[in-house]
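This report concerns only the one structure given below.
Derivation of every value follows stated rules applied to the coordinates shown; laboratory data play no part. Please read these numbers as outputs of a predicted model, since none were measured by experiment. With ideal geometry, Cβ positions are generated from the backbone for all residues, glycine too; neighbour counts draw on all protein chains shown.
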Amino acid sequence: MSEKLQKVLANSGHGSRREIEAIIQAGRISVDGKIATLGDRIEVTASTKVRIDGHVVAIREAEEDICRVLAYYKPEGELCTRKDPEGRPTVFDRLPKMRGARWIAVGRLDVNTSGLMLFTTDGELANRLMHPSREVEREYAVRVFGLVDEDKLKQLRKGVQLEDGMASFKTISFQGGEGINQWYNVTLTEGRNREVRRLWEAVDVQVSRLIRVRYGDLGLPKGLPRGGYTELELSAINYLRKLVDLAPETESKIPVERDRRRTKANQIRRAVKKHSQRPASRSPSRRTTQTKRG
């Protein structure tokens with residue numbers, strides 16, 4: 001079955017459909033050696049060769065057309081890149097391998113930040129979730145070092161001028177702590193580089209630990225260790241799709257319940273084995289259920 005070229009490339013993680021349409025119009029994409037034009041349709045087979053700027057790109061085979069989403073607990077120390085020239089660990093190292101498709105990260109976390117990351121096989125879903133216009137809420141647990149008073153909190157809520165424009169937290173809630181080491185939960189609706197850290201630094205407060213605990217209404221899954229992942233059920237996937245105005249999925253790649261429990265247990269055991277657990281530190285409880293905020 002043939003599909004529009006821009007849809008195939010978007011679903012394979014090479015940009016949004018609108019971005020790919022612009023690349024097609026610029027004559028930068030070819031299919032089996034022929035320059036593509038808007039409106040072209042292709043049938044994805046093992047022999048189909050699609051090139052962008054002369055480089056062959058991976059495209060998804062027809063049987064991989066079902067949208068899949070992983071929730072991953074990123075540890076500190078991992079980079080949000082597919083390969084690192086220095087050989088440092090990346091968030092893609094232990095994700096399950098697929099034939100004819102690839103995992104696409106929904107946003108990034110810096111190397112010193114841990115917590116929830118989402119990965120999907122649907123490039124259009126990933127691009128829409130990341131786009132600032134969608135204003136998908138992210139929540140972070142933050143341990144800060146420094147004097148925090150009501151004036152600073154008001155400033156962080158109202159807005160702070162950063163080098164790339166004004167920024168603010170949507171909400172800030174105190175979670176506990178002693179002395180000048182305190183925990184807060186903060187939310188924002190965009191994903192600028194190091195935005196949480198830079199906001200606190202702008203009011204002379206240092207972030208000593210940062211954990212993303214929620215993306216939209218999806219929290220870190222209960223019992224998931226650092227370096228572990230779990231595949232989301234159809235209801236959670238369709239929640240994300242509805243959030244960005246995409247049609248719901250009707251099928252899932254998740255195994256039947258009994259096999260799924262065994263698979264998930266094996267994933268967690270492997271993750272625990274490969275990741276030495278850090279000593280416990282005082283941190284606020286994080287949301288572990290998919291609840292809707294009022």
Show the residues, 5+ positions off or on another chain, whose built amide H is closer than 5 Å to the amide H of Arg209. Arg143
For q = 0.23, 0.27 Å⁻¹, what log10 I(q)/I(0) does the stretch 3-63 give under the Debye formula with an equal point scatterer on each alpha carbon and no solvent? -0.88, -1.29
Tell me, what HN-Hα J-couplings in whole Hz come from the Karplus equation 6.51 cos²θ - 1.76 cosθ + 1.60 at θ = phi - 60° for each residue of the stretch 237-248, using x for Gly and Pro? 4, 6, 4, 5, 5, 5, 4, 10, 6, 10, 5, x
Please list, in order along the stretch 76-85, the HN-Hα scalar couplings obtained from phi with the Karplus expression 6.51 cos²θ - 1.76 cosθ + 1.60 (θ = phi - 60°), rounded to whole Hz, x for Gly and Pro. 5, x, 9, 8, 8, 9, 6, 9, 10, x
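What does the highest-first list of 32-42, 166-176 look like by mean Cβ count within 10 Å?
166-176, 32-42
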Would you pull out the residues with amide H under 5 Å of Thr90's amide H, same chain only if 5 or more places away, H placed 1.01 Å from N? Leu79
Set of aspartates and glutamates with alpha-carbon distance to Lys7 below 13 Å, sequence-local pairs under 8 removed: Glu19, Glu21, Asp40, Glu43, Glu61, Asp65, Asp122, Glu124
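If the convex hull of the alpha-carbon atoms of the stretch 137-215 is projected onto planes in all directions, what is the mean projected area in square nanometres? Spell out each step's value before the answer.
Details: hull surface 18.4 nm².
The number I arrive at for the stretch 137-215 is 4.6 nm².
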List the residues, sorted by chain then number, that are 5 or more residues from Thr171 or on another chain and whose placed amide H is less than 5 Å from its amide H. Thr187
